[in-house]
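Here, each number is a calculation from the coordinates, and none is a lab measurement. Please read these numbers as outputs of a predicted model, since none were measured by experiment.
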Amino acid sequence: MSVFEISPLVNGKGLHLEGELDLAAAPRLTEALLDFASSEGEVHLDLTEVSFLDSSGLRVILTLARSRGDTGSVVLLDPSAAIVRIFEIMGIDEHPGIEIRHPSTDRAMA
């Protein structure tokens, strides 16, 4: 059984995810994201500590992005290189409602 943890971000704009986002974890994430589906502005998902992502996890992220329409984008924070590669293969990085940010890299370059 995979380990997956969800906690609110300090700024209240999203969630910090940790562990394996797979078929077993997807329903928990879907439930946790219900409060953000109609909120205004960006919703941040901190993926710094996500070690695995399957199609179930991708589906949850896409469903959130689609449900938000014009209210704001879903911002994926600091995904690992392996997770970014999955996003690229699946075309998630090209979705108009999803943005990938690497704030730790951005701070290091400043």
Roughly how many whole Å is it from the C-alpha centroid of region 1-80 to that of region 85-99? 14
Full-stretch length increase - Thr71, Arg85 - with 0.36 nm per residue and alpha-carbon distance subtracted: 2.3 nm
Along region 71-79, Karplus-curve 3J(HN,Hα) (6.51, -1.76, 1.60; θ = phi - 60°) to the nearest Hz, with x for Gly and Pro, reads 7, x, 8, 9, 9, 9, 9, 6, x
Could you tell me which of rounded, prolate or oblate describes the chain, using a ≥ b ≥ c as the square roots of the eigenvalues of the alpha-carbon gyration tensor, with rounded for a/c under 1.5 and, failing that, prolate when a/b is larger than b/c and oblate otherwise? rounded
Of all DSSP beta bridges in region 1-73, antiparallel share, percent nearest 5: 40
Just from its helices, what would the mean residue ellipticity at 222 nm be for the chain, if runs of 4 or more DSSP H residues each count -39500 (n - 2.57) and the sum is divided by every residue, rounded to the nearest 500 deg cm²/dmol? -10500 deg cm²/dmol
